[in-house]
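Undergrad: A single structure is presented below for examination.
The values are calculated or read from the model by the stated rules, or taken from the named source; none is laboratory data. Just so it is clear, the structure is predicted and the values come from calculations on it, not from any experiment. All Cβ positions, glycine included, derive from the backbone under ideal geometry; neighbour counts span all protein chains shown.
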Amino acid sequence: MRLKAFFKKVSGCIPFSDCRNVVFGFFSQTPFFVLKTGKNPQWNKSQCCVNIEENCYCSLVTQNRRKDGWLMGIYLNPGNNKFKRAVNSDIYVDKTGLIKYTNSIVDTLQSCVCVSRPRRFGKSMAADMLTAYYSKGCDSRELFSSLEIAKDENFEEHLNKYDTIFLNMQEFLSRSSNVKELLERVEGKVIRELKKQYPDVELYDENDLAETMQDIFAESECPFIVIIDEWDCIFREFKHDKAAQEIYLDFLRDLLKDKEYIYLAYMTGILPIKKYGTHSALNMFDEFSMIDPGPLAEYVGFTEKEVEALCQKYQMDINEIKNWYDGYSFEEVESVYSPKSVVSCMRLGKLGNYWNQTETFEALQIYIDMNFEGLRDDILSMIAGETVPVNTRSFTNDMTTFRTEDDVLTLLIHLGYLGYRYADKTVFIPNEEIRSEYVSAIAVSDWGEVSKALKNSADTLQAIWQGREEQVAEGIRQAHFETSHLQYNDENALSYTISLALYAARNFYTVHRELSGGKGFADIVYVPRKRFLDKPALVVELKWDKNAEGAIQQIKEKEYCRSLEEYKGNLLLVGINYDKKTQVHTCKIEQYRKEESI
């Protein structure tokens, strides 16, 4: 039967799954395959034609096929139900552009990719999406038809064309008592499905997954795509078992490295690939992490444009969402939001800390309580809004080997508790949601006066609003207690202390350091957020070994309030001085009078 006549006859009966030499499909409740050859077809043991040319032949498939063509398995060629569930959800943000990148590296020297992100940053959804796209076990043309990838010129070339193996290592781990048992379970489950799909292939070693895949590929010439979710769970569960970790890495290397049958290997996890000795066991992988996501930056979380569209649909204030959930920033994409938190906020219609539905603050507490010189001071600096330099290169990509504070900070980047600026190699707390996690962790830690100062910061802020100067000075004294690392001897150090003492102000204000206004720069300005316009704007001026009254006078003389004209009549001037000799803080608060020009 010629190709044109055949397709006319089976029109509307597609899907097809392409095994390079053979196209499988379903017609009149009977499986079939189509091939191109100018001679009588020559078959191998897997019923694949080996002499491909121009003419088209059709033959019925009589064994090892369900009505929909290829067998849909649990691990080999899964269906697309999990991704379909995501697409059908109330909120789905289209990230199928990732497929364009993976298509570009299929069957190349760059075909091994490891993507690491924090929990609830869409790692598993991306893995489900790739499985739905590549797997022969389903027809996903309609599912993807309205999504971004369908517009790409190479969309059809790879759609449902590969033997796809999907492994969620966390599921295997939950049913295993050790790594050896886990790997035996992985091999046994996958090999069982491979044998069902290819019953006629003679296998050299039915207990060796790598050799089984090699034998099948040698006869069928059908390449494999391997997708591994939660690849690093072994390093989180068996933190101290170095031997087990090496066994696991060696298994992955033997399965994936330099294998002709692998056209794409895609792994996801929280941690980048573990290093041991002087090299990485999986050095064939390109790694994209929270430190450097490279071309995959826009797929790490939600972008500004995506969040703006959601805010418009759900009538949420983009500035509030930005304050709470934005802050991750990369060279390629300046603004990245925490996706799980944004979705929860939109669905429930209220701002809040949704991070703690994914992680408890105790997980953070373990690391910030580690006894490394400078670590506590760095954490406090970042809570106050500062950035801190970090060297990420010494981190060995596990959760136990910490030699310096930099290793701890690097882990916190990968866990999503810190943002990272690649350009200047600094870290920072990305948003208010994460900042509140630090405060919760500190509250149950042995952080002395800092814990007390943070707890009392709401009272200190209330004291400013009510003009209680002595209480404000006492709140600043508490925050000063833990700032010895800054050599508390200038206005910059005092500014850091004020930020801690007024931590609670972040709930109501946008904080500006060195804000331009009038004839100079105000030290700290607190501008009410849109929801709290009833709160007074605050202009804070700091002095060292002078007096608080002089700070107020400087605000007026240099006209710092000029940029705050809209707050005229609801504006407080706050002068703070520290006397080095007496080690006493003093505070002066004054309402800006309406008759004074701004």
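Undergrad: Could we say that ILE165 is of a type in the set (Val, Ile, Thr), modelled with pLDDT of 95 or more, assigned by TED's automatic domain parsing to the domain that holds LEU252 and in contact with a Ser or Thr (Cβ under 8 Å, 6 or more places away or on another chain) here?
TA: no
Undergrad: Looking at ILE589, ILE498, which one is assigned to a helix (DSSP H, G or I), touching a helix residue (DSSP H, G or I) at 6+ places or on another chain (Cβ under 8 Å) and either buried (at least 17 other Cβ atoms within 10 Å of the Cβ) or at pLDDT 85 or above (or both)?
TA: ILE498
Undergrad: Another question, if that's okay. Does at least one position in the range 267-274 carry a residue that is within 27 Å of the chain's Cα centre (by Cα), at pLDDT 95 or above and either of a type in the set (D, E, K, R) or under 23 Å from LEU159 (Cα atoms) (or both)?
TA: Yes, because at least one residue in the range 267-274 is within 27 Å of the chain's Cα centre (by Cα), at pLDDT 95 or above and either of a type in the set (D, E, K, R) or under 23 Å from LEU159 (Cα atoms) (or both).
Undergrad: Please work out which residue is farthest from the chain's Cα centre (by Cα), limiting yourself to the range 433-469 and to residues that are farther than 25 Å from GLU320 by Cβ, of a type in the set (Gly, Ala, Ser) and in a helix (DSSP H, G or I).
TA: ALA463
Undergrad: What are the pairs with Cβ atoms under 7 angstrom where one residue, in the range 569-583, is assigned by TED's automatic domain parsing to the domain that holds ASP523 and the other, located anywhere, is of a type in the set (Gly, Ala, Ser) and assigned to a strand (DSSP E or B)? Sequence gap at least six, or different chains.
TA: Going by the 7 Å Cβ cut-off, the qualifying pairs are ASN570/ALA537; LEU571/ALA537.
Undergrad: Does any residue in the range 196-220 that is in the same structural domain as VAL186 (by TED's automatic domain parsing) and within 10 Å of TYR261 (Cα to Cα) come within less than 6 Å, Cβ to Cβ, of a residue that is of a type in the set (D, E, K, R) and surrounded by fewer than 18 Cβ atoms within 10 Å (Cβ to Cβ) six or more places away or on a different chain, and which pairs are these?
TA: Every condition considered, the pairs that remain are ALA210/ASP254.
Undergrad: Here are some residues: ILE247, ILE234. Which one is in contact (Cβ under 8 Å) with a residue 40 or more places away in the chain and surrounded by fewer than 19 Cβ atoms within 10 Å (Cβ to Cβ)?
TA: One residue alone meets the criteria, ILE247.
Undergrad: Now a separate question. Residues in the range 119-134: is at least one acidic (Asp, Glu), touching a Phe, Trp or Tyr at 6+ places or on another chain (Cβ under 7 Å), part of a helix (DSSP H, G or I) and in contact (Cβ under 8 Å) with a residue 40 or more places away in the chain?
TA: yes
Undergrad: Then there is this: Scan (1) charged (D, E, K, R); (2) surrounded by fewer than 21 Cβ atoms within 10 Å (Cβ to Cβ); (3) at negative phi for the single condition GLU221 breaks and write down its number.
TA: So the condition that GLU221 fails would be (3).
Undergrad: Then there is this: Spot the failing condition for SER146; the list is (1) farther than 15 Å from PHE166 by Cα; (2) surrounded by 22 or more Cβ atoms within 10 Å (Cβ to Cβ), and only one is missed.
TA: For SER146, the failing item is (2).
Undergrad: To continue, here is another question. Can you pull out every residue in the range 545-598 that is of a type in the set (D, E, K, R) and under 16 Å from ILE524 (Cα atoms)?
TA: LYS556, LYS558, GLU559, ARG562, LYS588, GLU590
Undergrad: Sticking with this one: Checking SER394 against (1) farther than 30 Å from LEU351 by Cβ; (2) touching a Gly at 6+ places or on another chain (Cβ under 8 Å), which single condition isn't satisfied?
TA: Here SER394 clears every test but (2).
Undergrad: I've got another one for you. Quick check on this structure: which one of ASN283, ASN323 is assigned by TED's automatic domain parsing to the domain that holds VAL106 and modelled with pLDDT under 95?
TA: ASN283
Undergrad: Name, by its number, the condition in (1) within 20 Å of the chain's Cα centre (by Cα); (2) among the acidic types (Asp, Glu); (3) not in a loop (DSSP other than H, G, I, E, B) that does not hold for ASP406.
TA: Among (1) within 20 Å of the chain's Cα centre (by Cα); (2) among the acidic types (Asp, Glu); (3) not in a loop (DSSP other than H, G, I, E, B), the lone unmet condition for ASP406 is (1).
Undergrad: Might you check whether a residue that is out of contact with any Leu (no Cβ under 8 Å at 6 or more places or on another chain), surrounded by fewer than 18 Cβ atoms within 10 Å (Cβ to Cβ) and of a type in the set (Phe, Trp, Tyr) occurs anywhere in the range 320-332?
TA: The answer is no, given that none of the residues of the range 320-332 is out of contact with any Leu (no Cβ under 8 Å at 6 or more places or on another chain), surrounded by fewer than 18 Cβ atoms within 10 Å (Cβ to Cβ) and of a type in the set (Phe, Trp, Tyr).
Undergrad: Now, a different point. Among the residues of the range 62-115, how many are at pLDDT below 95 and β-branched (Val, Ile, Thr)?
TA: Total satisfying the criteria: 2.
Undergrad: Only residues in the range 362-378 that are in contact (Cβ under 8 Å) with a residue 60 or more places away in the chain and within 19 Å of ALA443 (Cβ to Cβ) count as the first member; pair them with residues that are surrounded by 14 or more Cβ atoms within 10 Å (Cβ to Cβ) and of a type in the set (Phe, Trp, Tyr), Cβ under 6 angstrom, at least 6 apart or cross-chain, and list the lot.
TA: LEU364/TYR417
Undergrad: Sticking with this structure for a sec: Of the residues in the range 503-523, how many are among the hydrophobic types (A, V, I, L, M, F, W, C) and touching a helix residue (DSSP H, G or I) at 6+ places or on another chain (Cβ under 6 Å)?
TA: Total meeting the criteria: 4.
Undergrad: Against the conditions (1) farther than 30 Å from THR410 by Cα; (2) buried (at least 19 other Cβ atoms within 10 Å of the Cβ); (3) among the aliphatic types (A, V, I, L, M), where does LEU167 fall short? Just the number, please.
TA: (1)
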